[in-house]
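These notes concern the structure reproduced below.
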Amino acid sequence: MVNTITAVRPTVQFESFDLKTCEHHLLQRHKTRKLCKKQAKKFYTRLKNGEWMPCFAKLHFLENGQLLNGQHLLHAAISYLREGHEEQVEFLVIKNAPLESLKYMDIYA
């Protein structure tokens, strides 16, 4: 049996975000690390070249609604949407992630 870290069970679903929603979540993010422009540009290029795969574009949100992981994805989506390529970008969204899960996430820098 697997132990869980939190009593609140995370939810997972695909969601499409418009420019305003992307900007809102980026401003409300939990401060974890500095933006790596190279990583954000890599995601932007995937969007622009039609190589975006929502199942790998994961956004993690804490129980309080703050973005925990995904700032590079959101930066890429904001640049892409501002250029008028699309009206929305689809992500795999994990909500109610416990703050403790941060120590298990990837780190680019």
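Structure data summary
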read-out: Within region 36-69, tally of residues that are part of a loop (DSSP other than H, G, I, E, B) and free of Cβ contacts under 8 Å to residues at least 40 places away in the same chain; value: 9
read-out: Odd one out for residue 76 among (1) closer than 19 Å to residue 11 by Cα; (2) surrounded by 15 or more Cβ atoms within 10 Å (Cβ to Cβ); (3) among the small types (Gly, Ala, Ser); value: (1)
read-out: Residues (surrounded by 16 or more Cβ atoms within 10 Å (Cβ to Cβ), hydrophobic (A, V, I, L, M, F, W, C) and over 21 Å from residue 38 (Cα atoms)) located in region 79-101; value: 92, 93, 94, 97
read-out: Leading residue by the ranking (farthest from residue 29 (Cα to Cα)) among those in region 55-73 that are surrounded by 15 or more Cβ atoms within 10 Å (Cβ to Cβ) and over 10 Å from the mean Cα position of the chain (by Cα); value: 63
read-out: Members of region 24-41 found to be at pLDDT below 90 and either surrounded by 15 or more Cβ atoms within 10 Å (Cβ to Cβ) or among the hydroxyl-bearing types (Ser, Thr, Tyr) (or both), listed by number; value: 29, 30, 32
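The values are calculated or read from the model by the stated rules, or taken from the named source; none is laboratory data. It should be emphasised that the depicted structure is a prediction, and the values quoted were computed from it without experimental measurement. Because the Cβ atoms are built from the backbone with ideal geometry, glycine has one as well, and the counts that use them run over all protein chains shown.
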